[in-house]
Amino acid sequence: MKIFKFYFILLFLPGILSGCVETNILDRVGLTTLVGYDAGTEEKIATTAVIREVNPEFQSNVEVVTTENETSKGNRMKANRKLSKKIMVGQMRVILFGEELAKDDLHFYIDTHLENASISNSLYLAVVEGETAPLLQYEYKNIDDIGQHIYRLIEQNVKQEHMISSSLHEIAHDFYMEGKDSAMPIIKREDDLIELTGIALFSGGKMVSTLPVEDSFYVKLVRDSFTSGIFETIIQKEDIPPNLMTGTASDMPVAFDAIRSKRVLKLVDPTTPEFDLQLKLKARLLEVYPDVNLGDPKVVEGIENAVSKNLSREISRVIAHSQNVQSDIFGFGEKYRSSVRNSNLTKEKWHEMYKNMKVNIKVEFDILRDGVFE
């Protein structure tokens, strides 16, 4: 009899538990793939949501809904009143912020999405030139799902190392770290296309400046290590050995691929503070103009030295810009905090020190033969 009761409970218990779980049938819900936030009127939040609806025949339809309310949850309730299906956020892949809103403060939005257990920490955050609503509401000729399109645009550029990564987890990590600030990609609409145009620099939760998209290479060099990618630069005439110049050319455009880099950062003087930054790069030369004899070791050495000078100058420029706007997107402050015992570092304290920081940059660039990589 006891054995019978035991098996009866085992069979009956799953039925009770399953009745307690909320089920969501795919053709009865709308899946939010992207949300854009803008500054609303009278201090309200303007939200534009890209929602994919799937019908019983498994055909999908994309709705773009804009609402305005005091809170993001209130905006979701308003959007629900405009749709025939319940809105779910578990498939959200991108959060966009309008330029005006990003310059105000994103602290609230970072915390709100971190606290939502149904939202993945791997979704991307980005800033839109202007406002998000016009960009998302525009009727694109060759884009069916604007939410998925923007997600794939950011994802493939991050994977190919053309753009810094800005997942919710990474942004929150940098935001709450005393010695580092956040950075996000910037996008805008150009006719019927959407493109990455730059990097937004943050100080605390506020966007304080931008860098052009071409500078993403230098930012990533200082922040991380490259494992692959393509790099193009123009070597200035003063950096080029005279024997490499032909004709009347005033500079030398070069392109490299399969870049590998190694970054070593040391704090050498905590009072200034002063750092030594050593970067070692190896890459294959794809293009160079005008044509040069790459079979000559002296020519190759000349190009390597010229690229090293060019990279050092450009990296110094980008770091100096970030110092001027007090945005340590590179994490020098975190290196300082981990190197100086009892530093009691705060963001405010580090931003004051960061303005006077000195960085000694040394770049070693090596050109590898085609098909050879260590």
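At 7 Å along Cα-to-Cβ for each site, give me the label-to-label distance between S338 and D366 in nm.
2.5
Output the Kirkwood hydrodynamic radius of the stretch 24-214, Cα pairs only, in Å rounded to one decimal.
Values: mean 1/r = 0.0594 Å⁻¹.
Final number for the Kirkwood radius of the stretch 24-214 is 16.8 Å.
Work out, step by step, the length gained on full extension between K280 and A255: first 0.36 nm times the residue separation, then minus their alpha carbon distance; give nm to one decimal. Display every interim value, and only then the final one.
On the way: separation 25, 0.36 × 25 = 9.00 nm, distance 1.72 nm.
Additional length available on full extension: 7.3 nm.
Report the full-extension gain for the segment Q156 to K44: residue separation times 0.36 nm, less the Cα-Cα distance, to one decimal in nm. Mind showing how you got there, number by number?
Details: separation 112, 0.36 × 112 = 40.32 nm, distance 3.38 nm.
The Q156-K44 span can extend by a further 36.9 nm.
Checking the table K282/K358; K180/K335; K266/K358 against a 18 Å threshold on Cα-Cα, which pairs fail? Intermediate results must be reported in sequence, preceding the final value.
Values: K282/K358 26 Å; K180/K335 9 Å; K266/K358 12 Å.
Cα-Cα > 18 Å for K282/K358; rest within.
Determine the sum of side-chain charges near K358: Lys and Arg each +1, Asp and Glu each -1, restricted to other residues whose C-beta is under 12 angstrom from that of K358.
Counting the neighbours of K358, the net charge comes to -2.
If you average the alpha carbon positions of the stretch 276-337 and of the stretch 342-362, how far apart do those two centres end up, in angstrom?
Computed from Cα coordinates, the inter-centre distance equals 22 Å.
Once a ≥ b ≥ c are taken as the square roots of the eigenvalues of the Cα gyration tensor of the stretch 225-368, is the result rounded (a/c under 1.5), prolate (a/b larger than b/c) or oblate (a/b not larger than b/c)? Write out the running numbers ahead of the final one.
Working: a/c = 2.89, a/b = 2.34, b/c = 1.23.
Prolate, since a/c reaches 1.5 and a/b exceeds b/c.
When the C-alpha atoms of the stretch 101-179 are aligned to their principal axes, what extent does each axis show, in angstrom, from largest down?
Result, largest extent first: 44, 29, 26 Å.
Place the peptides 95-102, 304-311, 315-322 in order of packing, highest mean first, counting for every residue the other Cβ atoms within 10 Å and averaging per peptide.
The packing order, highest mean first, is 95-102, 304-311, 315-322.
If R₀ is 35 angstrom, what is the calculated FRET efficiency for the pair K188 and N121, using the beta carbon separation as r and rounding to 0.05? Each step should come with its number before you reach the end.
Working: r = 26 Å, r/R0 = 0.74.
The computed FRET efficiency comes out at 0.85.
In which sequence would L267, L168 go, from the one with the fewest C-beta neighbours within 10 Å to the one with the most?
Numbers: L267 17, L168 21.
So the residues, fewest neighbours to most, are L267, L168.
Pull up the cross-link candidates among the aspartates and glutamates for K237, meaning alpha carbon to alpha carbon under 19 Å and not fewer than 8 places away within one chain.
Candidates past the 8-residue exclusion: D251, E287, D291, E301, E304, E314.
Bear in mind these aren't lab numbers, they're just calculated from the coordinates by the rules spelled out. Please read all numbers here as calculations on a predicted model, not as lab measurements. With ideal geometry, Cβ positions are generated from the backbone for all residues, glycine too; neighbour counts draw on all protein chains shown.
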